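J.: Can you read through this structure? Questions will come right after.
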Amino acid sequence: MAISFFKPKTDDEQVEDRPIIDLREVNKYYKTAVGDYHALEGVDLQINAGEFVSIIGKSGSGKTTLLNMITGIDRPTTGEVWVNGTGVHKLNENQMARWRGKNLGIVFQFFQLLPMISVIENIMLPMDFCRTYPINERRQRALDLLELVELADHAHKLPTALSGGQQQRVAIARALANDPPVIIADEPTGNLDSKTAESVFALFNDLVAKGKTIIIVTHDSGLAKRTHRTALIADGEIVNEYVAKVMPTLTASQLLQATKTAKTHTYEAGTMILAEGTNADTFYIVSKGTVEVILPRPNQSDVIALQLGPGKCFGEMEFFHEKKHRASIRASEAGPVEVLAIGYDQLSELLKQSEATQEALRQMANKHSGENLSWRGVSS
Ligand code: ADP
Ligand code: MG
């Protein structure tokens with residue numbers, strides 16, 4: 001197919017390491033009759049080029065508000081929003097429309113195709129607006145895009161002559177018109193039956209494989225699990241993804257509580273994080289880098305028993321068993337490490353609210369305890 005696609009930059013072309021989407025301390029207040037409503041609170045979110053990210057959360061939690069910050073449809077009250085190297089929060093209205101047209105493809109739940117013009121004209125519209133392709137190439141490009149979404153036969157119909165799933169595929173083709181690096185979709189399958197939703201999701205997967213960065217808001221936890229990464233939003237705040245990974249049975253608001261309780265600590269490569277035999281009072285979740293679990297063995301050299309990466313935890317064994325560290329933990333030589341630390345008192349508070357989580361952590365502790373003993377050469 002003649003269709004050209006944005007190519008992700010190779011490593012040596014990558015001038016700076018900034019994620020393609022970078023939200024820093026974003027706050028959004030809506031003015032209402034009863035005062036300001038804090039819809040987004042201190043949101044930090046980084047998404048790398050080529051990632052497929054889902055955003056989930058209850059209705060009213062702030063998902064659409066968050067997407068509107070990224071697309072520039074609305075502005076943060078405070079904080080910064082960087083997309084593909086541009087400070088979106090700094091653009092004026094005129095700059096915004098053209099910048100958006102070239103950099104973002106936006107897909108809505110209710111398609112929002114223009115009903116009075118044909119399918120192919122809907123797809124040509126963004127190219128006309130941004131003058132991204134020569135006039136005599138736009139129609140062919142629109143046709144190629146329709147072919148990509150398997151709707152070339154419907155090019156000259158009005159949108160209303162198409163089914164919901166077909167209209168959404170047209171909307172995706174339109175979103176691709178100017179070959180933007182980023183696609184943003186707010187509940188793109190929310191109005192589709194599950195089979196049709198599946199075909200739309202498959203299309204997103206293909207686009208990710210071609211190098212696009214895609215963010216979708218979805219209510220479908222099954223679909224969310226199949227993206228690279230899920231950001232859970234609760235009451236306008238982002239739940240830490242590693243906290244959510246370690247304690248998946250907590251509710252969204254319990255996860256938010258855990259996120260707020262956790263303190264972030266960083267360690268240089270190769271440094272000791274905690275020593276075997278010392279008192280344990282904290283549960284840790286690895287959020288960046290890798291830690292090594294080091295076990296002493298009688299009459300032998302110490303051994304690196306395990307390496308734990310992001311989303312793995314330590315300190316749960318000592319929480320349930322004796323409160324002395326049974327292993328040393330060190331940041332690996334490979335690079336710096338970041339951990340989230342939750343004190344045992346706060347962990348107790350959390351686990352009191354969720355028997356399932358308490359049980360899951362206890363089982364993990366028992367399993368690790370058995371492994372710990374066998375590594376030391378002690379039969380358990
Ligand atoms: P979601 O997409 O997760 O359902 P939204 O981002 O649409 O949530 O809304 C988050 C909260 O902000 C909701 O309580 C909603 O009522 C409120 N909100 C959204 N838009 C406005 C607005 N323009 N004015 C006042 N409140 C708003
Ligand atoms: Mg919404």
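J.: Applying the selection to segment 230-249, what residues are away from ligand 1 (no atom under 16 Å from the Cβ) and either open to solvent by less than 10 Å² (accessible area, probe 1.4 Å) or in contact with an Asp or Glu (Cβ under 6 Å, 6 or more places away or on another chain) (or both)?
T.: Scanning segment 230-249 gives 243, 247.
J.: Go through segment 266-277 and give me each residue that's more than 13 Å from residue 314 (Cβ to Cβ), touching a Ser or Thr at 6+ places or on another chain (Cβ under 9 Å) and of a type outside the set (Gly, Ala, Ser).
T.: Answer for segment 266-277, where residues must be more than 13 Å from residue 314 (Cβ to Cβ), touching a Ser or Thr at 6+ places or on another chain (Cβ under 9 Å) and of a type outside the set (Gly, Ala, Ser): just 272.
J.: Sticking with this one: For segment 188-213, give me the residue count where each residue is assigned to a loop (DSSP other than H, G, I, E, B), away from ligand 1 (no atom under 16 Å from the Cβ) and at pLDDT below 90.
T.: Here the count works out to 2.
J.: A follow-up question, please. Looking for whichever is out of contact with any Gly (no Cβ under 7 Å at 6 or more places or on another chain) and over 20 Å from residue 59 (Cβ atoms) here; the options are 261, 290, 282. Which one fits?
T.: Residue meeting the stated conditions: 261.
J.: Now for a separate question. Condition first: open to solvent by 20 Å² or more (accessible area, probe 1.4 Å), outside the structural domain of residue 62 (by TED's automatic domain parsing) and in contact with a helix residue (DSSP H, G or I) (Cβ under 8 Å, 6 or more places away or on another chain). Can you find one or more residues in segment 265-275 that meet it?
T.: No, the conditions are met nowhere in segment 265-275.
J.: Among the residues of segment 204-215, is there at least one that is closer than 30 Å to residue 255 by Cβ, loosely packed, with under 15 Cβ neighbours inside 10 Å and not basic (Lys, Arg)?
T.: Yes - at least one qualifying residue is present in segment 204-215.
J.: State yes or no: is residue 47 modelled with pLDDT of 95 or more, within 12 Å of the chain's Cα centre (by Cα) and either open to solvent by 80 Å² or more (accessible area, probe 1.4 Å) or within 13 Å of ligand 1 (Cβ to nearest atom) (or both)?
T.: no
J.: Based on what the data block shows, is residue 25 open to solvent by 20 Å² or more (accessible area, probe 1.4 Å), touching a Gly at 6+ places or on another chain (Cβ under 6 Å) and within 16 Å of ligand 1 (Cβ to nearest atom)?
T.: So residue 25 does not fit the description; no.
J.: While we're looking at this one, here's another question. Kindly establish whether residue 260 is free of Cβ contacts under 8 Å to residues at least 40 places away in the same chain and away from ligand 1 (no atom under 16 Å from the Cβ). Even if it seems obvious, please write down each step before you answer.
T.: Working: free of Cβ contacts under 8 Å to residues at least 40 places away in the same chain: yes; away from ligand 1 (no atom under 16 Å from the Cβ): yes.
Judged against the criteria, residue 260 is a match.
J.: Next up: Among the residues of segment 75-82, is any modelled with pLDDT under 95 and open to solvent by less than 60 Å² (accessible area, probe 1.4 Å)?
T.: no
J.: Now, a different point. Filter segment 185-196 for residues that are β-branched (Val, Ile, Thr) and either more than 19 Å from the chain's Cα centre (by Cα) or farther than 19 Å from residue 58 by Cα (or both) and give the result.
T.: 196, the sole residue that qualifies.
J.: Would you call residue 125 out of contact with any His (no Cβ under 8 Å at 6 or more places or on another chain) and crowded, with 22+ Cβ neighbours inside 10 Å?
T.: no
J.: Check off (1) free of Cβ contacts under 8 Å to residues at least 24 places away in the same chain; (2) hydroxyl-bearing (Ser, Thr, Tyr); (3) closer than 30 Å to residue 156 by Cα for residue 118 and give me the number that stays unchecked.
T.: In the conditions (1) free of Cβ contacts under 8 Å to residues at least 24 places away in the same chain; (2) hydroxyl-bearing (Ser, Thr, Tyr); (3) closer than 30 Å to residue 156 by Cα, residue 118 misses (1) alone.
J.: If a residue has to be in contact (Cβ under 8 Å) with a residue 40 or more places away in the chain, of a type outside the set (A, V, I, L, M, F, W, C) and out of contact with any Gly (no Cβ under 7 Å at 6 or more places or on another chain) to count, how many in segment 206-225 make the cut? Give the steps one after another, and end with the answer.
T.: First, the residues of segment 206-225 that are in contact (Cβ under 8 Å) with a residue 40 or more places away in the chain: 208, 210-219, 221, 223-224.
Adding the requirement that they be of a type outside the set (A, V, I, L, M, F, W, C) leaves 210-213, 218-219, 221.
Still in the list and also out of contact with any Gly (no Cβ under 7 Å at 6 or more places or on another chain): 210, 212, 218, 221.
Residues flagged as in contact (Cβ under 8 Å) with a residue 40 or more places away in the chain, of a type outside the set (A, V, I, L, M, F, W, C) and out of contact with any Gly (no Cβ under 7 Å at 6 or more places or on another chain) within segment 206-225 amount to 4.
The values are calculated or read from the model by the stated rules, or taken from the named source; none is laboratory data. Keep in mind it's a predicted model, so treat the numbers as computed, not measured. Cβ sites come from the backbone with ideal geometry, for glycine too, and all protein chains shown count toward neighbours. Quick note on the areas: whole protein, heavy atoms, side chains included, nothing else; ligands and nucleic acids left out. Shrake-Rupley method; radii C 1.70, N 1.55, O 1.52, S 1.80 Å.
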